[in-house]
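In what follows, a single structure is set out as structure tokens and then discussed.
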Amino acid sequence: MRILGIESSCDETGAAIVADGRVILSDVVASQASIHERYGGVVPEVASRQQLSAVIPVVETALEQAGLGWGDLDGVAATYGPGLAGSLLVGLTVGKTLALARGLPFIGINHLEAHIYANWLRPVGAGVSGPEEAATGAAGWPGDPAFPLLALVISGAHSELVHIPRHGRYELLGQTRDDAAGEAFDKVARVLALGYPGGPAIQRAAATRDPARKNPLHLPRAWLPGTYDFSFSGLKTAVSQIVEGAEGVERAGDGGEIAPGTSRYEREGAAAARAGGVTAADLAAAFQDSVVDVLATKTVRAAKELGVRQVVLAGGVAANTALRARLDADLDPLGVALRYPPIAYCTDNAAMIAAAAYFHLRLGERHGYDLDVRPGLQLPFASRATAT
Amino acid sequence: MLLALDTSTSFASVALVHDGRTLIELDWEVGRNHSAELLARLDWLLAQRGITPARLDGIAVASGPGSFNGVRVAVAAAKSLAFALGVPLSGHPTLDVIAWGVSHVRGPICALLEAGRGQVYAATYAGPAPSAAGWAPTGAYAIRTPAELAALLRTAICEPVVFCGEWRPETGAALAEALGETARFSPVGGGRRASWLADLALARLARGERDAPEALEPLYLRRPHITSSAKAAPRLAERDGAREGVARPTPEAPGGEGAARAIPS
């Protein structure tokens, strides 16, 4: 089953064709990051306009790269939430219209669920030949994530720990009470003038530290005992206070426009931010350590309590290598496998939309043409008490 | 078989035209449900006439100005149809469509839509039109207050002006007061019809002109709202709010895009 997936929830326009929810036949993205970097974040109306300009060329390229025509497709899917309403409207309208024009089944996809299903995607060129259901069976392929799963969904807008006993069932264990993890990365990166998006910027800055040198900083952790909830706003405040309070810890980006791809920090080096033995790299590393510590500790505890065999990471923060390494190290002794999508499929992409769509479409699920965008959409949480 | 789509404002219209005859047209109050209602109605409309999408051989779309999201829905749908079916596409400014509806009158015609912030989108035309081919305004598509528009019309035109389109009572009153007897108003709500859009598109397509689906852009007339200092007012708050559904960023015209800045025109 070959599905065209369209993703337009924020500032990237993506289209991908995926076979059987796993094999990526094409994957195309038009990014607006260089446009929004100027503003330190996404301007919704600018994003919506860019979505409309990019969407047809992106879909056309996805078809070309896969070497497929309309007759080769079995369905069309598009994100319908959560995200920016104006951006979502473009991809959803295009998805519904393409399906109507070509008489194909249509399904709207929850962007958060799709991040989880990115774990079903095979690395490109993984050597899966003849990805047809008839040959392999629809239910499960060797190498698929194995239920029951524990998912840590961490992105710019979400931080949730979710138990997934089977396809389509989501039991919320805990979530952030204030900032999402990715949001905290963005905000701290802005305080440290490291650029946007914050996740990769903080990770790069932290990596510039000499690992042999002990970090003079240790930042607080919000443990919220007895819960699987998170809180990151206090941590962000701690970083701000250190920056404002420590004389001479320079905000590298003050007064300057940040050029695409390089932050002032990178251009001027750690020296510009040095004062009293604390560098911006120290701050970035201490912040990252704190976030990773809390996320990993709670995830490991949940994995033990629920007795899951696998943990999956989902969302943009899943690309953080420090988090991956820590979880790998902590879960391995428990005999729990950590899985995460290829780095390119952690952040927003259309392949994950097509992957999630497959697991719905193959059950005969469809959406009508009257499906509207849902900017505040959440995972369809089921109560744990009624878990079967 | 030409399909014409217009969701430029809270009023929407879809029409199927064959051999110059309107087979079916649907005009309705769509509110802000542009995407949900356009595609569902289009599906119904085709089924009503027993027409498969594959029988369409041309797509026309009203390309704005109007509600940003509204305009984008029809343009996104029209681009997708033209691309998926491999048929010609023709985009037409929404003000042209409005004015075409009264193009039989002799003298100046002014097409209006509310733009929010006490301003209107406007363009003036010279009637009567000999044909739909080349129907275009005599000046630029502009965004102005009713007072500015009235002042311009008073200096440029001494004949009575026929206003058509959609406007709030305050706008009509301001124009009537400034222009007196020279202002004449078409009934509001008879705003525009997709079959008028089809007239313009058929004339243009007959001349061999068309728009590429990958290249057609809406006519926004207003720039996106961006504060001058991103550092002082981080935009991420806006993004996050929208993601949580707190501040759905679809404040639509009229009155929408509240703080947007107009292009100096």
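Some notes on this structure:
- Boolean, B:Pro53 is closer than 27 Å to B:Arg207 by Cα, free of Cβ contacts under 8 Å to residues at least 40 places away in the same chain and either open to solvent by 30 Å² or more (accessible area, probe 1.4 Å) or outside the structural domain of B:Ala126 (by TED's automatic domain parsing) (or both): yes
- Unique match (being open to solvent by 40 Å² or more (accessible area, probe 1.4 Å), in a strand (DSSP E or B) and more than 30 Å from A:Lys96 (Cα to Cα)) among B:Ala126, B:Ala122: B:Ala126
- Flag for B:Gly116 being on the phi > 0 side of the Ramachandran plot and modelled with pLDDT under 95: yes
- Region A:149-205, subset in contact with a helix residue (DSSP H, G or I) (Cβ under 7 Å, 6 or more places away or on another chain), among the charged types (D, E, K, R) and more than 24 Å from A:Ser31 (Cα to Cα), residue most open to solvent (accessible area, probe 1.4 Å): A:Asp178
- Whichever residue in region B:139-151 is modelled with pLDDT of 95 or more and not in a helix (DSSP H, G or I) and, among such residues, is nearest to the chain's Cα centre (by Cα): B:Tyr141
- Sole exception among (1) under 18 Å from the mean Cα position of the chain (by Cα); (2) among the small types (Gly, Ala, Ser); (3) within 11 Å of chain B (Cβ to nearest Cβ) for A:Ala85, by number: (1)
- Some residue of region B:146-163 being touching a residue at least 40 places away in the same chain (Cβ under 8 Å), farther than 20 Å from B:Arg184 by Cβ and either acidic (Asp, Glu) or in contact with a Pro (Cβ under 9 Å, 6 or more places away or on another chain) (or both): no
- Search result, residues across region B:18-38 that are β-branched (Val, Ile, Thr) and either open to solvent by less than 10 Å² (accessible area, probe 1.4 Å) or within 15 Å of B:Ala76 (Cα to Cα) (or both): B:Val30
- Of the residues making up region A:322-375, those that are among the aliphatic types (A, V, I, L, M) and over 18 Å from the mean Cα position of the chain (by Cα) are A:Ala329, A:Leu331, A:Leu334, A:Val336, A:Ala337, A:Leu361, A:Leu363, A:Leu371, A:Val373.
- Here A:Val124 fits the description: hydrophobic (A, V, I, L, M, F, W, C), closer than 30 Å to A:Gly364 by Cβ, open to solvent by 10 Å² or more (accessible area, probe 1.4 Å) and under 24 Å from the mean Cα position of the chain (by Cα).
- In region A:353-375 there is no residue that is closer than 21 Å to A:Asp186 by Cβ and surrounded by fewer than 16 Cβ atoms within 10 Å (Cβ to Cβ).
- Within region A:32-62, being at the interface with chain B (Cβ under 10 Å from one of its Cβ atoms) and of a type in the set (A, V, I, L, M, F, W, C) holds for A:Val42, A:Val43, A:Val46, A:Ala47, A:Leu52, A:Ala54, A:Val55, A:Ile56, A:Val58, A:Val59.
- Of the numbered criteria (1) more than 13 Å from the chain's Cα centre (by Cα); (2) open to solvent by less than 30 Å² (accessible area, probe 1.4 Å), the one B:Leu113 fails is (1).
- Answer from B:Trp167, B:Trp135, B:Trp196 - the residue that is over 30 Å from B:Pro88 (Cα atoms) and in contact (Cβ under 8 Å) with a residue 24 or more places away in the chain: B:Trp167
- Applying the criterion of at least 1 residues that are more than 12 Å from every other protein chain (Cβ to nearest Cβ) and more than 20 Å from the chain's Cα centre (by Cα) to the helices (runs of 4 or more DSSP H) found wholly in region B:13-100 leaves B:34-48.
- Some residue of region A:133-148 being modelled with pLDDT under 65 and either at positive phi or in contact with a Cys (Cβ under 7 Å, 6 or more places away or on another chain) (or both): yes
- Restricting attention to region A:317-345, the residues that are more than 19 Å from A:Leu173 (Cβ to Cβ) and surrounded by 24 or more Cβ atoms within 10 Å (Cβ to Cβ) total 3.
The values are calculated or read from the model by the stated rules, or taken from the named source; none is laboratory data. Given the structure is predicted, the values throughout are model-derived calculations rather than measurements. Glycine also receives a Cβ, built like all others from the backbone with ideal geometry; neighbour counts cover every protein chain displayed. Side chains included, ligands, DNA and RNA excluded: accessible areas come from the protein's heavy atoms. Shrake-Rupley method; radii C 1.70, N 1.55, O 1.52, S 1.80 Å.
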